[in-house]
Every structure is written in structure tokens, then in C-alpha cells.
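Student: I'd like to ask you about the structure that follows.
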Amino acid sequence: MLDSPLTGRRLAGVKTRALRKRVWYRVLDRVERGLLDLTIRWVDNVRSGRLTEMLLRILAKLARAMEQGMARVLVVGRELALRASVLAVGWGNVEAYSWRLDRGFWLGIAKEFWKNG
């Protein structure tokens, strides 16, 4: 499942991403957050099989939550791209039809929507 051992530094990186995506407090309960925080603070390399198993379960919860957030962004972006494409094609911009299929455009338009909305 992992290509390299769990380290405090790797766990801190995951925690940072989860905090930025606002899933850290929403997905994890107090005990799970505490276990990760203590491991980050006191353990350099996780050697215990039981601790590794517990940490992997917690990390899987975080990964699922972070992926769901991206899926929601893509759904909103796709809808906005479709609307923009219909308008632009109606105005004569035939190349705008490709916006409906461009995932990069979906992400960009969704990012602007949330930044300005």
C-alpha cells in the first residue's frame, strides 16, 4: 500500500493538505487527530505494525474525503463549462464546443467560481 515507510514528516504533509482542504476536523474525530498529532511530534519512523495499521486507516479516511472534494469541484466545473460553452457557441465561437470536454477548463472555471462567489 505504501511505497516508503511512514514518517513524521510525511504525516505532517498529509495533515497540512487536510487542513488546507478543510477536512481535518470534519472527517477525523478527536482521538484520530490526537494519534496523528502525537505520531508527528514523537515518532521519526513508524515501526510498529499495529500503529501503522491504525495510521493507514486514518489516512484512508482523509484521502477519501479529499478526493470527494475534488469530485465536487469537477461536477460544478463541468456544469459551468457546459453553460459557458453553450453561450459562446451561440455567439458564433465554434471552438468553444471543446470547453465541454476539457477537464482543465472545468477546474479553472470552478476555481474562479468559488473565488468570486
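None of the figures in this text is laboratory data; all of them are computed from the coordinates on show. Quantities reported herein were computed from a predicted structural model and do not represent experimental measurements. Because the Cβ atoms are built from the backbone with ideal geometry, glycine has one as well, and the counts that use them run over all protein chains shown.
Student: For region 70-116, calculate the relative contact order in percent as a whole number, restricting contacts to Cα pairs under 8 Å that are 6 or more residues apart.
Tutor: 47
Student: State, to one decimal in nm, how far the label point of A84 lies from the label point of T7, with both points 7 Å from Cα in the Cβ direction.
Tutor: Distance between the two pseudo-spin positions: 4.0 nm.
Student: I need to check one value: relative contact order of the chain, counting alpha carbon pairs closer than 8 Å and at least 6 residues apart, in percent.
Tutor: 24
Student: Between R17 and E53, with labels modelled 7 Å along Cα→Cβ, what's the label distance in nm to one decimal, could you check?
Tutor: 2.5
Student: Still on this structure: How large is Rg over Rh for region 8-67, taking Rg from the Cα atoms and Rh as the Kirkwood inverse mean of 1/r across Cα pairs?
Tutor: 0.93
Student: Here are labelled values, [x] 19.9, 64; [y] 13.9, 46; [z] 16.7, 52, and one is the computed Rg and Dmax of the Cα atoms in Å for what I pasted. Which one?
Tutor: [x]
Student: Shifting gears a bit: At 0.36 nm per residue, and after removing the present C-alpha to C-alpha distance, how many nm does the segment from Y25 to R64 gain when stretched out fully?
Tutor: Contour length minus the Cα-Cα distance gives 12.6 nm.
Student: Only helical DSSP H runs with n ≥ 4 go in: add -39500 (n - 2.57) per run for the chain, normalise by residue count and round the 222 nm mean residue ellipticity to 500 deg cm²/dmol.
Tutor: Taken over the chain, the calculation gives -24500 deg cm²/dmol.
Student: So what's the convex hull volume per residue for the Cα atoms of region 70-116, in Å³?
Tutor: So the per-residue hull volume is 58 Å³.
Student: Here's a follow-up. Assuming a viscosity of 1.567 mPa s and a temperature of 4 °C, what translational diffusion coefficient in µm² per second does Stokes-Einstein assign to region 34-88, Rh being the Kirkwood radius over Cα pairs?
Tutor: Rounded, D is 92 µm²/s.
Student: Answer with one residue from A81, F113, A96: the one whose Cα lies farthest towards the positive end of the charge dipole of region 70-116, charges on Cβ with Lys, Arg +1 and Asp, Glu -1.
Tutor: Towards the positive end, the residue furthest out is F113.
Student: Oh, and also: Using Cα atoms only, what is the angle between the long axis of helix 103-116 and the major principal axis of the chain, expressed in degrees (0 to 90) to the nearest 10?
Tutor: The angle comes out at about 80 degrees.
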